[in-house]
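Here the structure is laid out as structure tokens; the discussion comes afterwards.
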Amino acid sequence: MSMAWVYLVSAVGLVQGLKFMGDPARAKMGNIVAAGSVVLALIAVAIANSDASTSLLNPALLLGLILIGTVIGKVWSDRVAMTAMPQLVSIFNALGGACAVILGLNSAYGDVPVDNKFLGIILILGGVFGGTAFTGSIVAFMKLDGRKLPRPVMAHKYAAQALLLAIGALTIAFLFVSGLPFPTLLLSISIAALLYGVFFTLPIGGADMPVLISLLNALTGVATLMAGLLFHDPVMLIGGILVGATGLLLTTQMCRAMNRSLGNVLAGSFRTGGATTNEAEQDIRSITAVETASLLAFCKQVAVVPGYGMAVAQAQRECFVLQEQLRQNGVDLHFIIHPVAGRMPGHMNVLLAEANIPYASIVDMNAVNGKMEYYDAVLVIGANDVVNPAAENDPTSSIYGMPIIRAYKAKQVIVMKRGMAKGYSGVTNTLFDRANCKILFGDAKDSLESIINELKRI
Ligand code: NAP
């Protein structure tokens, strides 16, 4: 079989694998098919280039490297807690960007001089997108992991703008000035892009993180696309196009979910103000699990708003059991998912699908937001920012303008959380002191188990 056929099989396998990932039931198989297709393509490249002069593409060496990478990836992924998955995804994204920079520099400093403008531009774009994605994803990892980072100041924004100008100027110089040493030029552009990644991500934070994560994902996709063009590798090219395009689509969707323009997000958040109340001044009413169960037993229509805390508590399975139990008690339970709930796009959808919660009971936030009064009770399970009315009525708040699930309009709201910690954006939640809101303190999984046990007794 000629190598072209192997590339075709790998490319089709990669696309099919990604398609499987769209369906939770087949996602695991999709992962295996996509990874297998990439390994097949790598082996094909090695075999096609396995003459003695190109020792780096020695098939045995390549297989050894794939094996080492597989073992490291497997051990690392197994050790990571489910709640730290978004951080792991950021690190993987960073590695993709780093690869693009290394591949570009390796080609520029290689034996064959880069003497054509098209190839040069591909290498420059790979360095710019890869470098930005690498350091940007490292900063995103640190933000998601709650690590200490310098406070965003205007100087970061100016530094990012200056670096962008420098990258533009060096690229124009490459196009119009002859005799410039290309390897040094690419190295300078790559270093500027690495620094740019740090300065452009530092000021983006709080609630804008989902947009940043999807954008960095898209940048890695474009960097991979450039590497695919460089090496005439169809699998890399298709993978890069798909990741870049889906990343861009996700970025626009996340912007819409936050009601922000991309320019606005990239301009960074320097707002330090926000809700003037703090938790100590809030008038909090608590409720017990037994009282919550009694309340739910007399409801007709209930909704759950899941958030990051549900992922921390790993309470998705209990949500399924609660739905079943309530159904037996004659109560209908809906799930309302906010697009930025959790710590990565689709986080809540994945967890609810994993717990076999029927897709039909997941309702669209926009479809129900105008009629929340219809719900006798809303259970907010580990969500905070996505139900914070400050986003609608406090113009000084950093989340002002972000569409929220209007849980506060339901007849009763019960928020499950462990203490009085703020949400990811660090804004005080003005839902908590509304007259119709009570807090059920404790780990969400424990609280749900107590409610379910009580409902069984009623
Ligand atoms: P959130 O605002 O971060 O709030 C999570 C809540 O869960 C906290 O109030 C916390 O309070 C509670 N909690 C934590 N562990 C718990 C447990 N074991 N049991 C019960 N409660 C627990 O979450 P969200 O409403 O889902 O909002 C998501 C936020 O993250 C948004 O600001 C979004 O922009 C941002 N973000 C999203 C993504 C994405 O792609 N989706 C990525 C990065 C950032 P206690 O500690 O008091 O329990």
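Kindly indicate whether Leu144 is open to solvent by 30 Å² or more (accessible area, probe 1.4 Å) and farther than 13 Å from Leu194 by Cβ. No; evaluated as a whole, the condition is false for this residue.
Against the list (1) over 23 Å from Val363 (Cβ atoms); (2) free of Cβ contacts under 8 Å to residues at least 40 places away in the same chain; (3) open to solvent by less than 20 Å² (accessible area, probe 1.4 Å), the condition Ala391 fails is (1). Restricting attention to the stretch 147-174, the residues that are β-branched (Val, Ile, Thr) and free of Cβ contacts under 8 Å to residues at least 40 places away in the same chain total 2.
Scanning the stretch 426-453 for residues that are aromatic (Phe, Trp, Tyr) and more than 27 Å from Glu324 (Cβ to Cβ) gives a single hit, Phe432.
Being within 16 Å of the ligand (Cβ to nearest atom) and part of a helix (DSSP H, G or I) is a description that applies to Ser214. Only residues that are farther than 21 Å from Gly244 by Cβ, more than 14 Å from the ligand (Cβ to nearest atom) and without any contact (Cβ under 8 Å) to a residue 12 or more places away in the chain were counted across the stretch 114-146, and they come to 2. Pairing each residue of the stretch 419-447 that is acidic (Asp, Glu) with any residue that is open to solvent by 40 Å² or more (accessible area, probe 1.4 Å) and near the ligand (Cβ under 8 Å from one of its atoms), provided the two are 6+ apart or on different chains, yields C-beta distances under 7 Å for Asp443/Arg418. Number of residues in the stretch 300-317 that are more than 8 Å from the ligand (Cβ to nearest atom) and either surrounded by fewer than 22 Cβ atoms within 10 Å (Cβ to Cβ) or on the phi > 0 side of the Ramachandran plot (or both) equals 4. Restricting the stretch 406-425 to residues that are near the ligand (Cβ under 8 Å from one of its atoms) and of a type in the set (Ser, Thr, Tyr) leaves a set whose member that is nearest to Leu144 (Cα to Cα) is Tyr424.
Can you find a residue in the stretch 364-371 that is surrounded by 17 or more Cβ atoms within 10 Å (Cβ to Cβ) and either under 27 Å from Leu144 (Cβ atoms) or near the ligand (Cβ under 8 Å from one of its atoms) (or both)? Yes, the stretch 364-371 has at least one match. Arg79 - would you say it is charged (D, E, K, R) and surrounded by 14 or more Cβ atoms within 10 Å (Cβ to Cβ)? Here the answer is no, as Arg79 does not meet what is asked.
Where residues in the stretch 322-346 are more than 13 Å from the ligand (Cβ to nearest atom), open to solvent by 10 Å² or more (accessible area, probe 1.4 Å) and not basic (Lys, Arg), which of them is nearest to Pro306 (Cα to Cα)? Here the residue is His334. Within the stretch 404-414, not a single residue is more than 24 Å from Ala293 (Cα to Cα) and polar (S, T, N, Q).
Here Ala94 fits the description: closer than 28 Å to Thr201 by Cβ and either at pLDDT below 90 or touching a Phe, Trp or Tyr at 6+ places or on another chain (Cβ under 7 Å) (or both). Taking the conditions exactly as written (within 22 Å of the chain's Cα centre (by Cα) and touching a residue at least 40 places away in the same chain (Cβ under 8 Å)), does Leu352 satisfy them or not? Judged against the criteria, Leu352 is a match. Of everything in the stretch 347-362 that is open to solvent by 60 Å² or more (accessible area, probe 1.4 Å) and assigned to a loop (DSSP other than H, G, I, E, B), the residue that is nearest to Asn436 (Cα to Cα) is Pro358. Restricting attention to the stretch 221-245, and to residues there that are open to solvent by less than 10 Å² (accessible area, probe 1.4 Å) and over 21 Å from Met3 (Cβ atoms), which single residue is farthest from the ligand (Cβ to nearest atom)? So the residue we want is Ala223.
The values are calculated or read from the model by the stated rules, or taken from the named source; none is laboratory data. Source: prediction; values computed, not measured. Virtual Cβ from ideal backbone geometry, glycine too; neighbours counted across all protein chains shown. For accessibility, only protein heavy atoms count, side chains too; no ligands or nucleic acids. Shrake-Rupley method; radii C 1.70, N 1.55, O 1.52, S 1.80 Å.
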